[in-house]
Structure formats: C-alpha cells, structure tokens
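Asks: The structure that follows is given in the form of structure tokens.
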Amino acid sequence: MPKLVIEGAKQLNGEIKIQGSKNSVLPILAATIICDDECIINNCPDLLDVHTSIEILKYLGCKIKFENSTLAVDPRSINRSDIPEYLMRKMRSSIIFLGALLSKSGNAKLSLPGGCELGPRPIDLHLDGLRQMGFIIYENHGYIECKSKYKLPGCNITLSFPSVGATENLILASVKSSGITVINNVAREPEICDLINFLNKCGAKIKGAGESTLLIEGVESLHSAQHSIIPDRIVATTYMSAAAITGGTLLLKNISVKELDSIIPIFEETGCLINKKSESALYIESPSRLYPNKLIRTMPYPGFPTDSQPLIMAMASVANGTSVFVENIFENRYKHVGELLRLGADIKIEGKVAIVEGVKRLSGANVTSTDLRGAAALVISGLAAEGITTISDVHHIDRGYESIEKNLKSLGANIERKN
Ligand code: UD1
C-alpha cells in the first residue's frame, strides 16, 4: 500500500491552479444517464471517486472517454437499472445514481451504499422524499428497489434538514415528472447549483438554484450538453491551509472567490492577509505564527463547511492560543484528532466540541488516514512538522485530490509517494 512521506518544516510559496470539484462532478456524472445523447464534461478532476462513477456508468451500459480533464459520457446504450453491491460499497455518493436511474427508466435496484468514516449516514430523507413523489420503495436484505408504475405528477416536499445528497437525489428523480415538484428547505451548496445549471443546459426546467426552495417543472426528455465543472472550494481551502501553516504565500488560480466567503474570515482571524485578485484568483500571505480561531461551528451552506473543519484544525494545532470547534453536521468527524495527537497536537474532544491548544511545533510521526479530509489535515500537519511524517492509507486522499504530491512539490514541499 503506498504511503506519503513528508519531510516537514519547509515554507510553501508559489501559485497553483485548483482542480474541478469532486462534490460537483459526482452528481453531474450520475445526471448524464438521464440524457438522450452524449454529454461532454470539462474540468473533470482525475480522482478515485470519478473512476468509481465511471465504473458504475460502464456497468449501466454507457460509453466513456476520459482524456485531459474532459469526460464524455454516451448513455445511448444503457441497458440496465441496477447497481450491484460491490460498486455501491466503493463510494458513499453512489446513492446519487438512485434519483438519476428513476428519471431514466422509472425504476432502480441498488444496494445500500458503503459504510462511512464520518459516522452513520442514513438515507431516510432521500427515501421519504421519493415516497412523497409517488415512488414505491421496498427495502430488503440491504437492497433498495424503487419504482413507479406511471409518470409521476409532481408534489410538494419539505426536507427536515437541508441534506446535500437528498436534495440532489430529489432533483434528479423529478426532472422528468409530468407536473411541478416543489422542494422546500433544500441544500444551497454551489455544487447543487452546478448540478442544476448542468440539468438546465440539458433542457430541464429548474428554478431557485442557490435558494431554499426549488421549483422543478418536469420535461419530456433531456438532450446532450457540454458543461465545465466548478472549482473545488475544499481543495482551495486545503492549499490555503498548507501555505498558512508553513508561513508561506500562495496565489490560487481557477477558483471561485465568492464561494470562499465563509472561509476567508477564518484565515484572516489567524493573521493571514488575503488579497482577492479577481473573481477567480486569490493571494494569501501568512504570518510566521498563526493566531487561533475563537469559535468555528460547522453549518449547512452558506455556513462554515464541515469538510473544511479538519483542515482548519490542522492550522489551529500550531496557532498561538486556544481554538474551539463545534461539529454540527456529522456525529463522528473528529477521527483525525487521534492522528494529530501523534504529531504532538494538544486537542481535547467532548461530544461535538473540540478544544485545540496550539503548540509551538508538531513533530513528524507515522500516522494513518481516517477519511478524505482528515487525511488532507494530516498532510497539512506533516508539512509543518519537524522531521519525517509518514501517512498510510492514502487511498482516502486519492478519492478527492488530483496530483497532490506533484502540486505540493511545485510549491517547495518535500513529499514523496512510496510503496
Ligand atoms: C455531502 C458531501 C460531503 C459533505 C456533506 C455536508 C458529496 C459527495 N458529499 O455529503 O462532502 O461533507 O454534504 O456538507 O457531495 N442525513 C440524514 N438523513 C439523510 C441524509 C442526511 O440524517 O437521509 C444527515 C447525515 O447523517 C449528516 C447530515 O444529514 O449528519 C448531512 O448529510 P448530507 O448533507 O446529506 O451530506 P452528504 O450528501 O452525505
């Protein structure tokens, strides 16, 4: 199993172009199966999760071409509406194919998605919404079978929590209904807006992107479209954190600055100077020692993203004072803390709350990746730590980061992948 080996305490400086968003491309790839013709997806990141989606698309019968960040999906030869357990288990977000398959063929049979590192991740909101739309759902021996006998007339649904995945599944399942579907209290993440923009390019009629209520007027069919994936705001935050923790400077290109609105004040609180160069570029200059963050509470968008919590915690671990984190989205999103302690961090957890006393220096150690963003936090901490940090289970990182060691090396990091 490959490992990442980092010789830390080296300042990072330079510029970096940010990849397309993982959380955007995965639902869009699922959406391509609803279309009647080939779709071209540009700025597609080359990630483990994208390859898992490709495997699912091929299993369903799609023809795929993936070259130079452009992915072509031809769904014309789709000949099935089931996804077997071995594919569903590879990636939690495989569940997004449920809504897409229902729009494609009116029925779907798939196993429950794989277990998750972030604690229990039920899909009750997805299934409740689909039932309200009129789908009949059978749950049996870990499989879900979902169908409708006729075209569904549309309905009014209110989500009890603005779940990202449930919002995506319900959008996908309703685009071809015979009436109007209204969904209240939806998630408003930029990645959901990207999905809606893609579907509308294909001929869907969805209003309300970025707002709490969506109005989806069903259409007969979806045609082909070409679409460029939005930049990955969590990857942008990762590289900003890497620069900040090493006292470096970084120019980020190919980002959407407005989507970093909830993150920029957090960096400014730590003493980083942020200069918005344009709508798509930002410069960060960090102090020799970071200040702590008083209180960081993860919230649904536009609040502070849960995916960034481990990244900012890595920075807080060497800040000059005490930072407090409250994790409101996932029950078990502090698994990286045990590994940060091995690097010399001083962190205490009580339920949802983590209290981080910044230490002067982290020191290199052997650590294990626990989940995607937790693994990224270990890379960030390793870059700051004195000596050698070895990170195992790097497949977690490869799920969401394209060429991470090449990118960090270009900024001056000493990082290698070793078998
Ligand atoms: C998505 C993102 C993930 C991000 C998360 C929150 C993708 C591929 N993943 O995950 O990176 O961390 O949003 O911003 O886009 N819940 C239920 N019942 C449900 C659905 C969700 O109880 O049916 C709970 C979950 O257990 C969790 C919370 O709601 O505690 C948030 O989940 P959700 O917004 O659905 O996140 P995901 O779509 O799984």
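The values are calculated or read from the model by the stated rules, or taken from the named source; none is laboratory data. Just so it is clear, the structure is predicted and the values come from calculations on it, not from any experiment. Here the Cβ is made from the backbone with ideal geometry for all residues, glycine too, and neighbour counts use every protein chain on show.
Asks: Of everything in the stretch 236-249, what is surrounded by fewer than 24 Cβ atoms within 10 Å (Cβ to Cβ) and either in contact with a strand residue (DSSP E or B) (Cβ under 8 Å, 6 or more places away or on another chain) or among the aliphatic types (A, V, I, L, M) (or both)? Give them in sequence order.
Replies: Gly248, Thr249
Asks: Any residue in the stretch 398-411 that is closer than 18 Å to Val50 by Cβ sitting within a Cβ distance under 7 Å of a residue that is surrounded by fewer than 20 Cβ atoms within 10 Å (Cβ to Cβ)? List the pairs, counting only those 6 or more apart or interchain.
Replies: Asp398/Leu48; Arg399/Leu48; Glu402/Asp46
Asks: All but one of (1) touching a residue at least 40 places away in the same chain (Cβ under 8 Å); (2) touching a Ser or Thr at 6+ places or on another chain (Cβ under 6 Å); (3) small (Gly, Ala, Ser) hold for Ser317; which doesn't?
Replies: Failed condition: (2).
Asks: Moving to a separate point now. Among the residues of the stretch 178-189, is there at least one that is surrounded by fewer than 21 Cβ atoms within 10 Å (Cβ to Cβ), within 11 Å of the ligand (Cβ to nearest atom) and under 28 Å from Gly20 (Cβ atoms)? First the steps, then the outcome.
Replies: Kept after step one, since they are surrounded by fewer than 21 Cβ atoms within 10 Å (Cβ to Cβ), are these residues of the stretch 178-189: 178-180, 182, 184-185, 187-188.
Applying the additional criterion that residues be within 11 Å of the ligand (Cβ to nearest atom) yields 187-188.
Those left that are additionally under 28 Å from Gly20 (Cβ atoms): 187-188.
Among the residues of the stretch 178-189, at least one is surrounded by fewer than 21 Cβ atoms within 10 Å (Cβ to Cβ), within 11 Å of the ligand (Cβ to nearest atom) and under 28 Å from Gly20 (Cβ atoms), which makes the answer yes.
Asks: Only one residue in Lys65, Lys58 is out of contact with any Leu (no Cβ under 9 Å at 6 or more places or on another chain) and not in a loop (DSSP other than H, G, I, E, B), so which one is that?
Replies: Of the residues listed, the single one that is out of contact with any Leu (no Cβ under 9 Å at 6 or more places or on another chain) and not in a loop (DSSP other than H, G, I, E, B) is Lys58.
Asks: With the requirement that a residue be in contact (Cβ under 8 Å) with a residue 60 or more places away in the chain and in a loop (DSSP other than H, G, I, E, B), what does the stretch 168-220 give you?
Replies: Residues satisfying the conditions are Val175, Lys176, Ala187, Arg188, Glu189, Cys202, Gly218.
Asks: Please go through the stretch 372-412 and pick out each residue that is small (Gly, Ala, Ser) and surrounded by fewer than 24 Cβ atoms within 10 Å (Cβ to Cβ).
Replies: Gly387, Ser392, Ser403, Ser410, Gly412, listed by residue number.
Asks: If Arg361 satisfies all but one of (1) away from the ligand (no atom under 12 Å from the Cβ); (2) within 18 Å of the chain's Cα centre (by Cα); (3) in contact (Cβ under 8 Å) with a residue 40 or more places away in the chain, what's the number of the condition it fails?
Replies: With respect to (1) away from the ligand (no atom under 12 Å from the Cβ); (2) within 18 Å of the chain's Cα centre (by Cα); (3) in contact (Cβ under 8 Å) with a residue 40 or more places away in the chain, Arg361 is out only on (2).
Asks: Residues in the stretch 77-86: is at least one within 16 Å of the ligand (Cβ to nearest atom), assigned to a loop (DSSP other than H, G, I, E, B), β-branched (Val, Ile, Thr) and in contact (Cβ under 8 Å) with a residue 40 or more places away in the chain?
Replies: no
Asks: How many residues does the stretch 1-37 contain that are within 22 Å of Ala100 (Cβ to Cβ) and buried (at least 18 other Cβ atoms within 10 Å of the Cβ)?
Replies: To start, the set of residues in the stretch 1-37 that are within 22 Å of Ala100 (Cβ to Cβ) comprises 20-37.
Of the ones still in play, those that are also buried (at least 18 other Cβ atoms within 10 Å of the Cβ) are 20-35.
Number satisfying all stated conditions: 16.
Asks: So which residues in the stretch 115-167 are surrounded by 15 or more Cβ atoms within 10 Å (Cβ to Cβ), assigned to a loop (DSSP other than H, G, I, E, B), within 12 Å of the ligand (Cβ to nearest atom) and at pLDDT 95 or above?
Replies: Leu159, Pro162, Ser163
Asks: When you look at Arg289, is it assigned to a loop (DSSP other than H, G, I, E, B), surrounded by fewer than 16 Cβ atoms within 10 Å (Cβ to Cβ) and in contact with an Asp or Glu (Cβ under 6 Å, 6 or more places away or on another chain), yes or no?
Replies: Here the answer is no, as Arg289 does not meet what is asked.
To keep it simple, each residue is scored yes or no on (1) β-branched (Val, Ile, Thr); (2) in a strand (DSSP E or B).
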| site | (1), (2) |
| --- | --- |
| Leu250 | no, yes |
| Lys258 | no, no |
| Glu268 | no, no |
| Ile296 | yes, yes |
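Asks: Filter the stretch 320-370 down to residues that are in contact with a Leu (Cβ under 6 Å, 6 or more places away or on another chain) and assigned to a loop (DSSP other than H, G, I, E, B) and give me whichever is farthest from Gly387 (Cα to Cα).
Replies: Phe330
Asks: Here is a follow-up. With the requirement that a residue be without any contact (Cβ under 8 Å) to a residue 60 or more places away in the chain and within 12 Å of the ligand (Cβ to nearest atom), what does the stretch 96-113 give you?
Replies: Residues of the stretch 96-113 without any contact (Cβ under 8 Å) to a residue 60 or more places away in the chain: 105-113.
The answer is Leu112, Pro113.
Asks: For the stretch 199-224, which positions are surrounded by 19 or more Cβ atoms within 10 Å (Cβ to Cβ), over 23 Å from the mean Cα position of the chain (by Cα) and aliphatic (A, V, I, L, M)?
Replies: Once the filter is applied, which keeps residues that are surrounded by 19 or more Cβ atoms within 10 Å (Cβ to Cβ), over 23 Å from the mean Cα position of the chain (by Cα) and aliphatic (A, V, I, L, M), the stretch 199-224 yields Ala204, Ile216, Leu222.
Asks: Could you list all residues from the stretch 314-370 that are in contact with a Pro (Cβ under 8 Å, 6 or more places away or on another chain), surrounded by 18 or more Cβ atoms within 10 Å (Cβ to Cβ) and among the polar types (S, T, N, Q)?
Replies: Once the filter is applied, which keeps residues that are in contact with a Pro (Cβ under 8 Å, 6 or more places away or on another chain), surrounded by 18 or more Cβ atoms within 10 Å (Cβ to Cβ) and among the polar types (S, T, N, Q), the stretch 314-370 yields only Ser323.
Asks: If I ask for residues that are more than 21 Å from Glu191 (Cβ to Cβ) and within 23 Å of the chain's Cα centre (by Cα), which ones from the stretch 73-83 would you list?
Replies: Matches in the stretch 73-83: Ile83 only.
Asks: In the stretch 73-100, how many residues are closer than 23 Å to Arg399 by Cβ and crowded, with 18+ Cβ neighbours inside 10 Å?
Replies: Selection size over the stretch 73-100: 15.
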